[in-house]
1. 7 Å from Cα along Cα→Cβ at both S301 and K130: what's the point-to-point distance in nm?
2. What is the set of long-range amide H partners of V241 at a cut-off below 5 Å, with H atoms built 1.01 Å from backbone N?
3. If each of A38 and L115 carries a label point 7 Å out from its Cα toward its Cβ, how far apart are those two points in nm?
4. How high is the FRET efficiency from V146 to K179, r the C-beta distance, R0 30 Å, rounded to 0.05?
5. Can you work out the Karplus-derived ³J(HN,Hα) for every residue in the range 200-206? Use 6.51 cos²θ - 1.76 cosθ + 1.60 with θ = phi - 60°, whole Hz, and x for glycine or proline.
6. Need the list of lysines near K179 for cross-linking: C-alpha distance under 24 angstrom, and skip anything on the same chain fewer than eight residues off.
7. If the cut-off is a Cα-Cα distance under 15 Å, which aspartates and glutamates reach K45, setting aside same-chain residues fewer than 8 apart in sequence?
8. Computed FRET efficiency, Cβ-Cβ of Y265 and N206, R0 25 Å: what is it to the nearest 0.05?
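What follows draws every value from the coordinates through simple rules; no lab data is involved. Bear in mind that the values here come from a model prediction, so they are computed numbers and not experimental data. Note that we place each Cβ from the backbone using ideal geometry, even for glycine, and neighbour counts take in every protein chain shown.
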Amino acid sequence: MIRYRWITNPVTVFIFSLIALGSSLWLYIHSYLRVNDAFQEFVRKRNLDPSPLLETETWVMILIVSVLVALILIGVIIIFVYYQKMIQLYRMQQNFINGFTHELKTPIASLRLFLDTFSRHKLDEESQKKYLGYMIRDTERLSDNVNQILNLARIEDKKYEAQWEVGDIRLFIQNWLQKTSYWSEDADVIFMEQVGQPLYVKYDINLLPLVFMNLVNNAQIHNKSDRPRVEISARLQGKNVTVSFKDNGIGISKAEAKKVFRKFYQVKKAAKGSGIGLYLVQTVMRFHKGSVRLFSEGEESGTTFILSFPFCDEVSP
């Protein structure tokens, strides 16, 4: 039975439909011309003038039929393309559900393990503090995963209420790294701090941490080294402030670099993640009137993501 599944494949059905439609058109025109020839022969035998009766009518009919068939073909092609996009979207959504479910299950399983430990064992104060720290870390990860989905939906629906602040991006990066110190357990996230004038940018206090989190998380997921490493740097370029995230991951080919910011897109089918991380980064940067771009020399060469913000001369928002 599996051998004959190609018969019901949408591509096969589409091709056979085009062949059948083309054949029907050819048979109709061929039959029409034969009838027309027979009618012309009848007119000649009766010594009638054929010009006003046949020539114009024949070509007008052929033209009308051709236009109608062309419209049918265009409609079929549009339906086919739409159907293929719907299938692709469905597959991407399934990948997103699987990936996001995995992102949620990891901290939930960790929390369950720590709670079981508390319920079954009497722990000293130092051990309790250590495990409570792990639990707080997992709840923060869980909260970040949920918040990024909710905030992304609000931005797309234009219902997000921004909480703007203007501050030095270098100071923001330092504070963010202190609050997310749990990254140090899984990767080396280093801020390449440089002395210079304050780099003031206008940012949303809830969205910008999600951008940083997704870029660091992306560097960890797409990494085959013994220990992932991300170098963060900030500088002033003209009228913009740029923040770079340089990792030692697997890199991105030129063909994939054009696609990674698409919603639900994943570089490899087996890749972890939800497929919306970089899409969220791009969406949030546009919300900030900025941009994001990437640079990679190819596979196995690492990737650098560059965020660009408009520079603010004044401290107050």
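1. If labels sit at S301 and K130, their model points lie 4.4 nm apart.
2. F309, F311
3. Computed distance between label sites A38 and L115 equals 8.4 nm.
4. Rounded to the nearest 0.05, the efficiency is 0.95.
5. 7, 9, 9, 9, 8, 5, 9
6. Here the lysines satisfying the reach criterion relative to K179 are K105, K129, K130, K202, K246.
7. Cross-link targets: D37.
8. 0.55
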